[in-house]
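In what follows, a single structure is set out as structure tokens and then discussed.
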Amino acid sequence: MDNAKEAAVLSESKKVSICIYIVQEEIVFEISNTFNDEVNLDEIYNSGYSSKGKSRGHGLSLVKAIVDESSIFENDTTVNNEYFVQTLRVKKK
């Protein structure tokens with residue numbers, strides 16, 4: 001949420017959206033935000049990677065570590081036009 005808020009504040013339209021819904025026995029959490037800079041989808045999950053400076057860039061790497069440890073989680077990151085979209089699916093056990 002902090003990353004979404006920080007990026008949206010710097011964008012022209014300043015939008016953050018949080019959606020929570022159920023699809024076929026999965027709970028889906030989706031956070032999307034507008035942004036200005038380019039997003040390097042190949043690097044964002046690397047610990048320490050940040051487009052915002054030093055001593056940052058640990059949040060998404062921690063998310064990836066948690067998702068990778070459990071088969072009930074699935075994570076997806078996309079860029080759709082001016083929106084950066086982070087989706088977390090929690091599957092029923």
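The values are calculated or read from the model by the stated rules, or taken from the named source; none is laboratory data. Because the structure is a prediction, the values reported are computed rather than measured. Using ideal geometry, Cβ is built from the backbone for each residue, glycine included, and neighbour counts are taken over all protein chains shown. Heavy atoms of the whole protein, side chains included, go into the accessibility calculation; ligands, DNA and RNA do not. Shrake-Rupley method; radii C 1.70, N 1.55, O 1.52, S 1.80 Å.
Annotations for the structure displayed:
- Eligible aspartates and glutamates near residue 15 by straight Cα distance, threshold 12 Å, same-chain separation 8 or greater: 6, 82
- Most to least accessible of 84, 29, 73 (protein chains only, probe 1.4 Å): 29, 73, 84
- More than 20 angstrom apart: percent of Cα pairs within the chain: 38
- Additional length obtainable on full extension of the chain from residue 1 to residue 38, 0.36 nm per residue less Cα span: 11.5 nm
- Simple Cβ-charge dipole of the chain, Lys/Arg +1 and Asp/Glu -1, about Cα centre, in debye nearest 20: 320
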